[in-house]
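The values are calculated or read from the model by the stated rules, or taken from the named source; none is laboratory data. It should be emphasised that the depicted structure is a prediction, and the values quoted were computed from it without experimental measurement. Positions of Cβ are generated from backbone atoms using ideal geometry, with glycine treated the same way; all protein chains shown enter the neighbour counts. Side chains included, ligands, DNA and RNA excluded: accessible areas come from the protein's heavy atoms. Shrake-Rupley method; radii C 1.70, N 1.55, O 1.52, S 1.80 Å.
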Amino acid sequence: RVRLAVVKPLLFAVLALLLACPLMAGNLLENPSFELPSGSVGTQIYGPIPGWTSSAVFPDHSFEFWGGSAYDGDQFLELEVDAPTTISQDLTGLVPGATYDFSMAIRTRGITGFITSYYDVSFNGDPVGSFETDNQDWEVVTAQFIADSSSGTLSIAGHSTYPSFGCFLDMVDLEGPTGGGGAVP
């Protein structure tokens, strides 16, 4: 039997430690690995999907999902369904002045060394990073940005040197805030 006199100080110590350490928010994006809608075997084209909007020409064909060999989960996305494509997600609850960490897994659909895929990432229209790959193996690219307001739009534009072979994308991650605005409660 444990005496309350021993448990009480221990509980206060654990509580004090928890309050002193900020909690991390984790990935702030909805559907970051493009697992919804689920069930892609081979290639499937969908209209709107949870969390993301697309600039694709035809709304019912705005997202091209691929099954198998995903970086994370069971499926991944190809940008450039009908033409160079931008996908976006609106964010709220950001801390102005705080730094956010961005990453995504990319690879080209084409032949290594022959077709290059290009990705431009922006937040509220301001560039976050530009990336390119001519590799058929997944690679993770990273960037940081400082939020200029409590809400905004994260956008990823993609195109390749051979338009019918788009840019593969998986596990988009946005975490923060760090610095400037403190931690997410």
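A few remarks follow.
- Some residue of the stretch 5-26 being modelled with pLDDT of 70 or more and not in a helix (DSSP H, G or I): yes
- Against the conditions (1) open to solvent by 40 Å² or more (accessible area, probe 1.4 Å); (2) free of Cβ contacts under 8 Å to residues at least 40 places away in the same chain; (3) in contact with a strand residue (DSSP E or B) (Cβ under 9 Å, 6 or more places away or on another chain), GLY113 satisfies every one except (3).
- Test result for THR99, open to solvent by 20 Å² or more (accessible area, probe 1.4 Å) and within 13 Å of GLY176 (Cα to Cα): yes
- Every residue from the stretch 27-43 that is open to solvent by 70 Å² or more (accessible area, probe 1.4 Å) and either at pLDDT 80 or above or over 30 Å from ALA70 (Cβ atoms) (or both): GLU30, LEU36, SER38
- Taken as a whole, the structure leaves ALA56 outside the set of residues that are under 22 Å from TYR118 (Cα atoms), at pLDDT 90 or above and touching a strand residue (DSSP E or B) at 6+ places or on another chain (Cβ under 7 Å).
- For the stretch 119-140, the count of residues that are farther than 16 Å from ASP90 by Cβ, of a type in the set (A, V, I, L, M) and open to solvent by less than 60 Å² (accessible area, probe 1.4 Å) is zero.
- From VAL121, VAL140, residue being touching a residue at least 12 places away in the same chain (Cβ under 8 Å) and farther than 20 Å from ILE49 by Cβ: VAL140
- Residues that are β-branched (Val, Ile, Thr) and part of a loop (DSSP other than H, G, I, E, B) within the stretch 27-56 comprise just one, VAL41.
- Residues that are on the phi > 0 side of the Ramachandran plot and modelled with pLDDT of 85 or more, drawn from the stretch 153-185: MET171, GLY176
- GLY51 being over 26 Å from PRO177 (Cα atoms), among the small types (Gly, Ala, Ser), surrounded by fewer than 21 Cβ atoms within 10 Å (Cβ to Cβ) and free of Cβ contacts under 8 Å to residues at least 60 places away in the same chain: no
- Against the conditions (1) in contact (Cβ under 8 Å) with a residue 60 or more places away in the chain; (2) surrounded by 21 or more Cβ atoms within 10 Å (Cβ to Cβ); (3) among the aliphatic types (A, V, I, L, M), ALA83 satisfies every one except (2).
- One residue alone among LEU94, LEU77 is part of a loop (DSSP other than H, G, I, E, B), open to solvent by less than 60 Å² (accessible area, probe 1.4 Å) and at pLDDT 90 or above, and that residue is LEU94.
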